[in-house]
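S.K.: What follows is a structure written as structure tokens; I'll ask about it next.
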Amino acid sequence: MSMSDAPQSIDLLIEAAHVVPVEPHAVVLDDHALAVHEGRIVAVLPIPEARRRFAASETVSRPHSAVLPGLVNAHTHNPMTLLRGIADDLPLKVWLQEHIWPIEGAVISPVFVADGITLAMAEMLRGGTTCVNENYFFPDVQAAVYKQHGFRARVGLPVIDFPTAWAGSDDEYFDKAGAVHDQWRDDPLIAMAFAPHAPYTVSDANFERIRMLADQLDLPVHLHLHETAQEVEQSQQQYGQRPIARLDRLGLVNDRLIAVHMTQLTEGEIHLCAERGVSVVHCPESNLKLASGFCPACALERAGVNIAIGTDGVASNNDLDMFGETRTAAILAKAVAQDAAAFDAFTALRAATLGGAKAIGFDHLVGSIEAGKQADLVCVDLSPIETQPLHHVVSQLVYATGRHQVGDVWIAGQRKLRERELVGFDLDAIGANARQWRARISSIRPQS
Ligand SMILES: [Zn+2]
């Protein structure tokens, strides 16, 4: 274009000290701007050039911030945010069967799901998370609540072998899954996945139905897998196979599979995942807190497996802090690999953004800052002393930044956080509602 061309009208120009696009890998662009129009990134370019080329309705100038793609929390149970801290310091089986399931049995309802997700969204946005892979009951309610706040989500259609408040029989789980999927087909923000709970709670017959429908409807399959050694042993006793081998027999080990946890893996299983294009969601803090084991994130990454990062539910974490989770993932990967060079800062940030987007089939939309992608963006203020001096932007983001440094957040070009103030949320009301749930839940808890 020549200098005489009229500037192009756009909705938003974000000017920042640093832009971390994630793709291309290991790049930091200094003094760059992002042009955003109709929810999409139009261009990424040096600030002086951006000012010549574009006339923006709104310009946001952040001379001390880094802009990065919105973080993707690739495994959550966000209604469980209302159960934060309710049963800590217990082994997974006791935690789940004697505490979480009985409490959930008494409180699960559409209102519980909606209130938990609203609380979680407020927490996530204040920490730079713009997209979740959700796994809980009442997917119809989840989808509606995420949509209401303009939050991007892949919502799980639950399948579990016993009756719950959501469905009373196998057929009802599948009938409702089909209906919810139909209702949200082609939505720009919300999409569905099958979410069979785990190998130990889903029969071969139900896994076969899932495989058939996932192929037919082109949906991912979001599954807790090889979470503990006990799960693997139990499968060997019951089926004569490790869970991954059983799923392979059932035709589910493929590029639709979002395998969560994966703490118990053989060399052969790592290579099978790489060959078949399985994505692995690493949830290090949940695995550490429940003493489930260690995901060999570095070995998986080096074998070519796509790695994403998830917090898991707040009841086993106990927060939705993707900055903290990414730091834990990076340093734990090094310890497990016994190699300090493993899983470097760029790799960790990639897992928290594009890796998550790829795992859930959203990488054509989000996960990196590239022209044409959706404007799901996060500004992080790096001026506080906690991230000074700024020798290396991505090192600070992964190893030193706290989520309170997130200043601004957009999803599809819509402002969700403005200089730490949430847009479209009433924080006082959310807090008051959480306190009401505390009173309700404590009144029905089994007394020990
Ligand atoms: Zn989970």
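S.K.: For Arg249, state whether it is crowded, with 20+ Cβ neighbours inside 10 Å and away from the ligand (no atom under 16 Å from the Cβ).
M.R.: Judged against the criteria, Arg249 is not a match.
S.K.: Let me ask something else about it. Name every residue in region 139-156 that is free of Cβ contacts under 8 Å to residues at least 40 places away in the same chain and farther than 19 Å from Gly70 by Cβ, in order of residue number.
M.R.: Once the filter is applied, which keeps residues that are free of Cβ contacts under 8 Å to residues at least 40 places away in the same chain and farther than 19 Å from Gly70 by Cβ, region 139-156 yields Val141, Ala144.
S.K.: Would you mind finding the one in Gln396, Gln447 that is out of contact with any Leu (no Cβ under 8 Å at 6 or more places or on another chain) and either in a helix (DSSP H, G or I) or modelled with pLDDT under 95 (or both)?
M.R.: Checking each option against the conditions leaves just Gln447.
S.K.: May I pose another question? Yes or no: region 94-115 includes at least one residue that is within 16 Å of the ligand (Cβ to nearest atom) and of a type in the set (Asp, Glu).
M.R.: Yes, region 94-115 contains a residue that is within 16 Å of the ligand (Cβ to nearest atom) and of a type in the set (Asp, Glu).
S.K.: So which pairs qualify, if the first residue must be in region 307-328 and farther than 11 Å from Thr129 by Cβ and within 13 Å of the ligand (Cβ to nearest atom), the second must be hydroxyl-bearing (Ser, Thr, Tyr) and part of a loop (DSSP other than H, G, I, E, B), the Cβ gap must be under 8 Å, and the two must be at least 6 apart or on different chains?
M.R.: Close Cβ pairs satisfying both conditions: Asn317/Thr311.
S.K.: Can you tell me which residue is nearest to the chain's Cα centre (by Cα) among those in region 158-177 that are buried (at least 18 other Cβ atoms within 10 Å of the Cβ) and among the small types (Gly, Ala, Ser)?
M.R.: Top of the filtered list is Ala177.
S.K.: Does Val406 satisfy being of a type outside the set (Lys, Arg), within 17 Å of Ile117 (Cα to Cα) and out of contact with any Asp or Glu (no Cβ under 7 Å at 6 or more places or on another chain)? Outline the logic, then answer.
M.R.: On the way: of a type outside the set (Lys, Arg): yes; within 17 Å of Ile117 (Cα to Cα): no; out of contact with any Asp or Glu (no Cβ under 7 Å at 6 or more places or on another chain): yes.
It is false that Val406 is of a type outside the set (Lys, Arg), within 17 Å of Ile117 (Cα to Cα) and out of contact with any Asp or Glu (no Cβ under 7 Å at 6 or more places or on another chain).
S.K.: When you check Ile244 against the structure, is it in contact with a strand residue (DSSP E or B) (Cβ under 8 Å, 6 or more places away or on another chain) and farther than 18 Å from Gly355 by Cβ, yes or no? Even if it seems obvious, please write down each step before you answer.
M.R.: Numbers: in contact with a strand residue (DSSP E or B) (Cβ under 8 Å, 6 or more places away or on another chain): yes; farther than 18 Å from Gly355 by Cβ: yes.
Judged against the criteria, Ile244 is a match.
S.K.: Same structure again: Looking for whichever is hydrophobic (A, V, I, L, M, F, W, C) and surrounded by fewer than 18 Cβ atoms within 10 Å (Cβ to Cβ) here; the options are Val94, Val67, Val155. Which one fits? I'd like the intermediate steps shown before the answer.
M.R.: Numbers: Val67 fails: surrounded by fewer than 18 Cβ atoms within 10 Å (Cβ to Cβ); Val155 fails: surrounded by fewer than 18 Cβ atoms within 10 Å (Cβ to Cβ).
Just a single option satisfies the conditions, and that option is Val94.
S.K.: Hey, another quick one. Looking at (1) away from the ligand (no atom under 16 Å from the Cβ); (2) buried (at least 24 other Cβ atoms within 10 Å of the Cβ), which is the only condition Thr266 fails?
M.R.: Tallying (1) away from the ligand (no atom under 16 Å from the Cβ); (2) buried (at least 24 other Cβ atoms within 10 Å of the Cβ), Thr266 fails exactly one: (2).
S.K.: Please specify each residue of region 178-205 satisfying the condition of being in contact (Cβ under 8 Å) with a residue 40 or more places away in the chain, within 18 Å of the chain's Cα centre (by Cα) and surrounded by 14 or more Cβ atoms within 10 Å (Cβ to Cβ).
M.R.: Residues satisfying the conditions are Leu189, Ile190, Ala191, Met192, Ala193, Ala195.
S.K.: Name the residue, out of Ala291, Ala259, that is within 16 Å of the ligand (Cβ to nearest atom), closer than 27 Å to Arg403 by Cα, among the small types (Gly, Ala, Ser) and not in a loop (DSSP other than H, G, I, E, B). Break it down stepwise before answering.
M.R.: Working: Ala291 fails: not in a loop (DSSP other than H, G, I, E, B).
The conditions single out Ala259.
S.K.: Which ones in region 109-122 are surrounded by fewer than 20 Cβ atoms within 10 Å (Cβ to Cβ) and either in contact with a Leu (Cβ under 7 Å, 6 or more places away or on another chain) or not in a helix (DSSP H, G or I) (or both)?
M.R.: We begin by selecting, within region 109-122, every residue surrounded by fewer than 20 Cβ atoms within 10 Å (Cβ to Cβ); these are 109-111, 114.
Hit for region 109-122 is Ser109, nothing else.
S.K.: Evaluate the following for Glu233: is it under 27 Å from Ala297 (Cβ atoms), within 23 Å of the chain's Cα centre (by Cα) and of a type in the set (Asp, Glu)?
M.R.: On the way: under 27 Å from Ala297 (Cβ atoms): yes; within 23 Å of the chain's Cα centre (by Cα): no; of a type in the set (Asp, Glu): yes.
No.
S.K.: Right, something else. Can you pull out the residues in region 59-79 that are part of a strand (DSSP E or B) and more than 16 Å from the ligand (Cβ to nearest atom)? Reasoning before the result, please.
M.R.: Initially, region 59-79 is screened for residues part of a strand (DSSP E or B), giving 59-69, 71-76.
Within region 59-79, Thr59, Val60, Ser61, Arg62, Pro63, His64, Ser65, Ala66, Val67, Leu68, Pro69, Leu71 qualify.
S.K.: Another question, if that's okay. Does region 314-324 hold any residues that are more than 11 Å from the chain's Cα centre (by Cα) and at pLDDT 95 or above, and which are they?
M.R.: Of all residues in region 314-324, those more than 11 Å from the chain's Cα centre (by Cα) come to 314-319, 323-324.
Selection gives Asn318, Asp319, Phe323, Gly324.
S.K.: Give the residue, chosen from Leu265, Leu288, that is touching a Cys at 6+ places or on another chain (Cβ under 9 Å), under 26 Å from Lys93 (Cβ atoms) and of a type in the set (A, V, I, L, M).
M.R.: The conditions single out Leu265.
S.K.: Now for a different question. Taking the conditions exactly as written (of a type in the set (A, V, I, L, M) and farther than 22 Å from Phe194 by Cα), does Ile108 satisfy them or not? Reasoning before the result, please.
M.R.: Numbers: of a type in the set (A, V, I, L, M): yes; farther than 22 Å from Phe194 by Cα: no.
No: the conditions fail for Ile108.
S.K.: When you go through Phe362, Phe346 one by one, which is the residue that is touching a strand residue (DSSP E or B) at 6+ places or on another chain (Cβ under 7 Å) and aromatic (Phe, Trp, Tyr)? Don't jump to the end; show me each part of the working.
M.R.: Details: Phe346 fails: touching a strand residue (DSSP E or B) at 6+ places or on another chain (Cβ under 7 Å).
Result of the check over Phe362, Phe346: Phe362.
S.K.: What is the number of the single condition among (1) part of a strand (DSSP E or B); (2) hydrophobic (A, V, I, L, M, F, W, C); (3) surrounded by fewer than 13 Cβ atoms within 10 Å (Cβ to Cβ) that Val378 does not meet?
M.R.: The single condition Val378 does not satisfy is (3).
S.K.: Would you mind telling me which numbered condition in (1) more than 16 Å from the ligand (Cβ to nearest atom); (2) among the hydrophobic types (A, V, I, L, M, F, W, C); (3) over 13 Å from the mean Cα position of the chain (by Cα) Phe362 fails?
M.R.: The number of the failed condition is (3).
S.K.: To continue, here is another question. Suppose we filter region 41-58 for residues that are in a strand (DSSP E or B) and among the charged types (D, E, K, R); how many remain? Break it down stepwise before answering.
M.R.: Residues of region 41-58 that are in a strand (DSSP E or B), as a first pass: 41-46, 54-58.
Narrowing the set further to residues that are among the charged types (D, E, K, R) leaves 58.
Within region 41-58, residues that are in a strand (DSSP E or B) and among the charged types (D, E, K, R) number 1.
The values are calculated or read from the model by the stated rules, or taken from the named source; none is laboratory data. Since this is a predicted model, take the numbers as computed values, not measurements. Please note: Cβ atoms are built from the backbone with ideal geometry, for glycine as well, and neighbour counts cover all protein chains shown.
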